[in-house]
Amino acid sequence: MIDGLIAGKLYGTPSIKTGASGKTFVTAKVRAAAGDGESLFVNIITFSESVGAALLALDEGDSVALTGPLTLRVWIDRNGDAKPSLDMVAHCVMSPYHLKRKRVAVAHAFDQKPGPEPQGNAKASQKHGDGMAESDALFGGDTALARNRLDDL
């Protein structure tokens, strides 16, 4: 099995089902762009309550990214052509709706660190971690635009 990350749009709406053992799970289908301009369908199943709840909150056409083990399958279309598809047992989900919540959580994590109040551009470096220090080194300290954009987040 291959552990993978897929991103695409929901095809249909996710649904909750109950297995023979009585355990619930969520299934969904994602249409992801393939490198040749065609689409690839990824059949999603998750047994995680949090991932399932996140999928059930989304509607058809919503963008989503998922991670988990992938299994390659082949299906035959109406013309008799073999088409690839993937099956995934999703362990993690990310959608545009999650981004703001993640950004807020990261910002709170940096804001809660003890220490003196930073001055000027040092505030952006502390708020956004060592990435700004690396950016300063890479661009020779001329990162005012990047710092202003990060402060807006």
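One residue is enough: does segment 15-23 have a residue meeting the conditions of a type outside the set (Ser, Thr, Tyr) and crowded, with 16+ Cβ neighbours inside 10 Å? Looking through segment 15-23, none of the residues is of a type outside the set (Ser, Thr, Tyr) and crowded, with 16+ Cβ neighbours inside 10 Å.
Taking the condition of being more than 18 Å from Ala32 (Cβ to Cβ), assigned to a helix (DSSP H, G or I) and either in contact with a helix residue (DSSP H, G or I) (Cβ under 8 Å, 6 or more places away or on another chain) or polar (S, T, N, Q) (or both), how many residues in segment 48-69 meet it? Step through it out loud before you land on a result.
Just the residues of segment 48-69 that are more than 18 Å from Ala32 (Cβ to Cβ), to begin with: 48-50, 52-53, 56-57.
Filter again for assigned to a helix (DSSP H, G or I), leaving 49-50, 52-53, 56.
After this cut, where a residue has to be either in contact with a helix residue (DSSP H, G or I) (Cβ under 8 Å, 6 or more places away or on another chain) or polar (S, T, N, Q) (or both) as well, the list is 50.
The qualifying residues number 1.
Being in the same structural domain as Ile6 (by TED's automatic domain parsing), modelled with pLDDT of 50 or more and in a strand (DSSP E or B) is a property that holds for Val74. For Leu86, the conditions (1) in a helix (DSSP H, G or I); (2) modelled with pLDDT of 90 or more; (3) aliphatic (A, V, I, L, M) all hold with the exception of (1). One residue is enough: does segment 24-39 have a residue meeting the conditions closer than 11 Å to His91 by Cα and touching a residue at least 24 places away in the same chain (Cβ under 8 Å)? There is no residue in segment 24-39 that is closer than 11 Å to His91 by Cα and touching a residue at least 24 places away in the same chain (Cβ under 8 Å).
The values are calculated or read from the model by the stated rules, or taken from the named source; none is laboratory data. Small disclaimer: the values here were computed from a predicted structure and weren't measured. We place every Cβ from the backbone using ideal geometry, glycine too, and count neighbours over all the protein chains shown.
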